[in-house]
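The values are calculated or read from the model by the stated rules, or taken from the named source; none is laboratory data. Here the structure is a predicted model, which means the values were calculated and not measured. Backbone-built Cβ (ideal geometry, glycine too); neighbour counts: all protein chains shown. Only protein heavy atoms, including side chains, enter the accessible area calculation; ligands, DNA and RNA are left aside. Shrake-Rupley method; radii C 1.70, N 1.55, O 1.52, S 1.80 Å.
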Amino acid sequence: MENIIKTQDLMFYYSDISDEEQQEQEENAPKAEKKMIFEDLDLEIEKGSFTVILGHNGCGKSTLAKHFNAILMPCGGKVYSAGFDTSDEEKLFDIRKRVGMVFQNPDNQIVASVVEEDVAFALENMGVEQGEMRRRVDDALKAVGMYDYRLHAPSQLSGGQKQRVAIAGIIAMRPSCIVLDEPTAMLDPTGRSEVLKTVRRLNREEGITIVLITHYMDEAAQADRVVVMEEGKIILDDRPENVFSNVELLQDVGLDVPQSTQLMYMMKQNGFDADTHIINEKEAADFLFELFKRQVN
Amino acid sequence: MIKDITIGQYFPGDSPVHKLDARFKIVITAIFIIMLFSADNFISLGAALLFFVLSFAVSKLPLKLILKSMRPIVPVIVITSLLNLFFIDGVTVISIWKINITQQGLRTSLFMIIRLIALISGSSLLTYTTSPITLTDAIEQMLKPLEKIKFPAHELAMMMTIALRFIPTLIEETDKIMSAQKARGAELDSGTFIERGKALIPILIPLFVSSFRRAEELALAMECRCYNGGEGRTKLKVLVSGGSDFAALCTAILFWCAVLLLNVYTYL
Ligand SMILES: Nc1ncnc2c1ncn2[C@@H]1O[C@H](COP(=O)(O)OP(=O)(O)OP(=O)(O)O)[C@@H](O)[C@H]1O
Ligand SMILES: [Mg+2]
């Protein structure tokens, strides 16, 4: 399969100083003294996949996501997005058009005071012609189920609705990949499931590659692939059921596992023949049902 | 309570006034204001008022709205009219203690009241019948020619758009911070003027801090959506002007001429 995003020996650290000062400092102090976020990080995201990135606070998830659409440039190594090298400034808008990004706080990413105008914002920036723009805005709003609200003010919408408008604003660009940085962190359960349903539908039906950063394990359980980060390194990278079966390792790095997996893990510790590859409620319920049936007989 | 503040509120409708091209509406409002200030006597002022009354009738807005728009300026009206009433020399009509009310004073203050009310209602009519976003677009387009002399027309319009978008958000946030500070024992509604002023500090500081954070995140989100200044931008909605817009403009100009002509009745 083709890759949409690829990082190659990615090295990165934050510096608050300008490039010239930095060069001066580099001569004086060796590199090791800087606070590295990543040292040789290699990650490939397949086209059309649904990948979740997990990791506890401050491990560098958002920093990594910002490399995917050229908001941050690598200090060493390369990042390729949609076939372009992100350090190539000429291709900046080609990259951002193809790899969209949705952030945590829906309030801080909506620019205009009417829903449809906001969805059109990216298209206006790209200079899309008016008829085409109208069509794309309507399509994007329909794709997230917000078409009926196109004339509303964002302040009249719920958190989940606002976040879906933000997603519409990105998919209006017709990107091949959307990176979502904790899009559900500020939402109530209804809003969360609305957003997640939308994201999954976009992945399945429109074939848009999804990279989702989250702290919710039940969201991660729905992905094709889960990448677990710790201190800027990838420690696990596999299908969700395989990742979550490493209950102890995950707990060591301060992460939870889905409740069903937790249950299976505890049953296993208490001598039952339980399988920690179970990651959703339905499978867990089936397993328990079978178990009870066996006990009764 | 703080949520009740409305700034430039828009009342959707499909009257001819609503449908007028926003650029023309701005120009016509400006002409109306000029009209008010070029009127010297009650007859010419009456002509200007007639223009407003006609526009208002065509807009089909409820009369209540005009009264509502008047509320915040009541103190201004009272103060200016009192000043005019007491401090203009002329033929004394009533004399209470040391204060003389003159004929000229009465006339001037009445004139000022009418003029102020007309001024505010006239400009409210513009904001009541034009959505803020259209208004911003219109201002941007009208200022566009000035970009040749480096006037930041697009940036100005963008700032207005963002301000309009964030007013409700910030009001909501202020409400939240106020409740949070009250829960910590802050007394916002009592105490002397200075105490109340001091109590505002713990509200304003978090508000500022969060606004800066918001601004930073918004800038990032805009960058992610290919924002690159005003160059090469297109618009979802393009303003179009037609015959009725020119007709309205001509009517306004005719009324202005009428006002100027009626100014000859200087004795009124
Ligand atoms: N602009 C910045 N300047 C300097 N250091 C930063 C900056 N942004 C983040 N950091 C640091 O980089 C590290 C990684 O931050 P990052 O935001 O990528 O973490 P994260 O995995 O997204 O965490 P969270 O789950 O809380 O969102 C943190 O130690 C943080 O303190
Ligand atoms: Mg983060």
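The table below lists the values:
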{"quantity": "Helix runs (DSSP H) in chain B reaching 15 Å along axis by Cα, Kyte-Doolittle at least 1.6", "calculated": "B:22-38, B:42-59, B:74-87, B:243-262"}
{"quantity": "Net +/- balance of residues flanking residue A:65 in space, Cβ distance below 12 Å, scoring K and R +1, D and E -1", "calculated": "0"}
{"quantity": "Value of relative contact order over segment A:258-297, rounded to a whole percent, pairs C-alpha under 8 Å and six or more apart", "calculated": "37"}
{"quantity": "Charged-residue dipole, Cβ positions (Lys, Arg, Asp, Glu), the protein assembly as shown about Cα centre, Debye nearest 20", "calculated": "3300"}
{"quantity": "Spacing of the two label points (7 Å from each Cα toward its C-beta) at residue A:269 and residue A:129, in nm", "calculated": "6.5"}
{"quantity": "Residues residue B:244 and residue B:175, FRET efficiency given R0 of 41 Å [Cβ-Cβ distance, rounded to 0.05]", "calculated": "0.45"}
{"quantity": "Unit charges on C-beta of K, R, D, E only; dipole of chain A, Debye", "calculated": "1220"}
{"quantity": "Spin-label zone in segment A:106-141 - amide nitrogen under 17 Å from a point set 7 Å from the Cα of residue B:154 along the C-beta vector", "calculated": "A:112, A:120-130"}
{"quantity": "Accessible-area ranking of A:200, B:225, A:135, largest first, probe 1.4 Å", "calculated": "A:135, A:200, B:225"}
{"quantity": "Rounded, prolate or oblate (a/c below 1.5 giving rounded, otherwise prolate when a/b exceeds b/c) for chain A by Cα gyration tensor", "calculated": "oblate"}
{"quantity": "Residue with peak Gaussian network fluctuation, chain A [Cα springs, cutoff 10 Å], from A:125, A:105, A:246", "calculated": "A:125"}
{"quantity": "Approximate spin-label separation residue B:104-residue A:13, in nm, with each point projected 7 Å along Cα-to-Cβ", "calculated": "8.0"}
{"quantity": "Net charge contributed by nearby residues that have their C-beta within less than 12 Å of residue A:268 (K/R +1, D/E -1)", "calculated": "-3"}
{"quantity": "Carbon plus sulfur fraction of accessible area for chain B, probe 1.4 Å, in percent", "calculated": "71"}
{"quantity": "Residue with peak Gaussian network fluctuation, chain A [Cα springs, cutoff 10 Å], from A:271, A:58, A:191", "calculated": "A:271"}
{"quantity": "Accessible area that becomes buried as A packs against B, both chains, 1.4 Å probe, Å², nearest 100", "calculated": "3100"}
{"quantity": "Chain A, relative contact order [Cα under 8 Å, separation at least 6], %", "calculated": "20"}
{"quantity": "Whichever lysines have a C-alpha closer than 26 Å to that of residue A:47, once near sequence neighbours (fewer than 8 apart) are set aside", "calculated": "A:6, A:61, A:66, A:78, A:91, A:97, A:142, A:197, A:233"}
{"quantity": "With every protein chain in place, segment A:258-297: carbon and sulfur % of accessible area (1.4 Å)", "calculated": "56"}
{"quantity": "Accessible area of residue A:277 in the full protein assembly, 1.4 Å probe (Å², nearest 10)", "calculated": "80"}
{"quantity": "Estimated D of segment A:258-297 in µm² per second, where Rh is the Kirkwood radius over Cα pairs and Stokes-Einstein applies at 37 °C, 0.692 mPa s", "calculated": "327"}
{"quantity": "Selected from A:188, A:118, A:94 as most flexible by GNM, with chain A as the system and alpha-carbon contacts under 10 Å", "calculated": "A:188"}
{"quantity": "List B:52, B:246, A:38, ordered by accessible area with a 1.4 Å probe, largest first", "calculated": "B:246, B:52, A:38"}
{"quantity": "Solvent exposure of the protein assembly as shown as accessible area per residue, Å², 1.4 Å probe", "calculated": "53"}
{"quantity": "Interface residues, segment A:124-141 - accessible area loss of 50 Å² or more versus chain alone, probe 1.4 Å", "calculated": "A:124, A:125, A:130"}
{"quantity": "Positive minus negative residues near residue B:188 (Lys, Arg vs Asp, Glu; Cβ under 14 Å)", "calculated": "+1"}
{"quantity": "Residue B:210 versus residue A:93: modelled label distance in nm, points set 7 Å from Cα along the beta carbon direction", "calculated": "3.5"}
{"quantity": "Global form of segment B:2-265, assessed from the alpha-carbon gyration tensor, a/c cut-off 1.5", "calculated": "oblate"}
{"quantity": "Cα-based shape type of the protein assembly as shown, given that a ≥ b ≥ c are square roots of the gyration tensor eigenvalues and the cut on a/c is 1.5", "calculated": "prolate"}
